[in-house]
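The values are calculated or read from the model by the stated rules, or taken from the named source; none is laboratory data. These numbers come from a predicted model, not from an experiment. Note that each Cβ is placed from the backbone with ideal geometry, even for glycine, and that neighbours are counted across all protein chains shown.
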Amino acid sequence: MSPDLHTVEGIARVVDIQGATAWLEPEQTSSCGSCASASSCGAGARDANPAGGIGTVANRIAARRFALDNAGGLHVGERVVVGVAERALIRAALTAYGLPLATALTAGGIAESTWGSDLATMAAMAGGLGFGLLLARLVARRLSVRGELAPHFLRRAKPGETCGGSTT
């Protein structure tokens, strides 16, 4: 990762070590689980069903796990601060949301000016959206292969440190 002054940081806990790879789970912030969609992401019912299985809270938490090179000699249970470049997050958001939206609107605009039919415009927008999603997938794959979207180890978390960098 190139040095970036603007890094979005988060705290994760080491849950497994497999050879030279550490597996981490991001920690939830204190506000996580209290929003309106807590039941759909699983944060609100985290303690209700700790058993695994498709669609369970444990399964959704395990799906958030990510691998990190264990060059720092991390151990299971340790809390670490990981970071992703702010530019990479903006690039990922524009790829995931902006690209499909732009292709759908462009296709719809061209169809409307060419045929002037609502049905043709809607069909063109659907096709443009599909093309944009395919294009976004290809761009995201390229970003992933280049390692731009992967979190990087920054430091070990201090006792009581939260995502905001403060200690309690």
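Evaluated against (1) at pLDDT below 65; (2) farther than 27 Å from Pro159 by Cβ; (3) of a type in the set (Ser, Thr, Tyr), Thr29 falls short on exactly one condition, (2).
Scanning region 88-119 for residues that are within 11 Å of Leu149 (Cβ to Cβ) and either basic (Lys, Arg) or touching a Phe, Trp or Tyr at 6+ places or on another chain (Cβ under 8 Å) (or both) returns a single hit, Arg91. Across region 109-149, what is the total count of residues that are modelled with pLDDT of 90 or more and either within 30 Å of Arg79 (Cα to Cα) or of a type outside the set (A, V, I, L, M) (or both)? Residues that pass the stated criteria total 22.
Within region 90-117, the set of residues being over 30 Å from Val8 (Cβ atoms) and of a type in the set (A, V, I, L, M, F, W, C) comprises Ala107, Ile110, Ala111, Trp115. If you go through region 107-136 and keep only what is under 18 Å from the mean Cα position of the chain (by Cα) and either buried (at least 16 other Cβ atoms within 10 Å of the Cβ) or closer than 30 Å to Val80 by Cβ (or both), you end up with just Ala136. Please determine whether any residue of region 144-160 is more than 19 Å from Arg65 (Cα to Cα) and crowded, with 16+ Cβ neighbours inside 10 Å. There is no residue in region 144-160 that is more than 19 Å from Arg65 (Cα to Cα) and crowded, with 16+ Cβ neighbours inside 10 Å.
Criterion first (out of contact with any strand residue (DSSP E or B) (no Cβ under 8 Å at 6 or more places or on another chain) and farther than 20 Å from Val8 by Cβ) does Ala120 satisfy it? Answer is yes for this residue.
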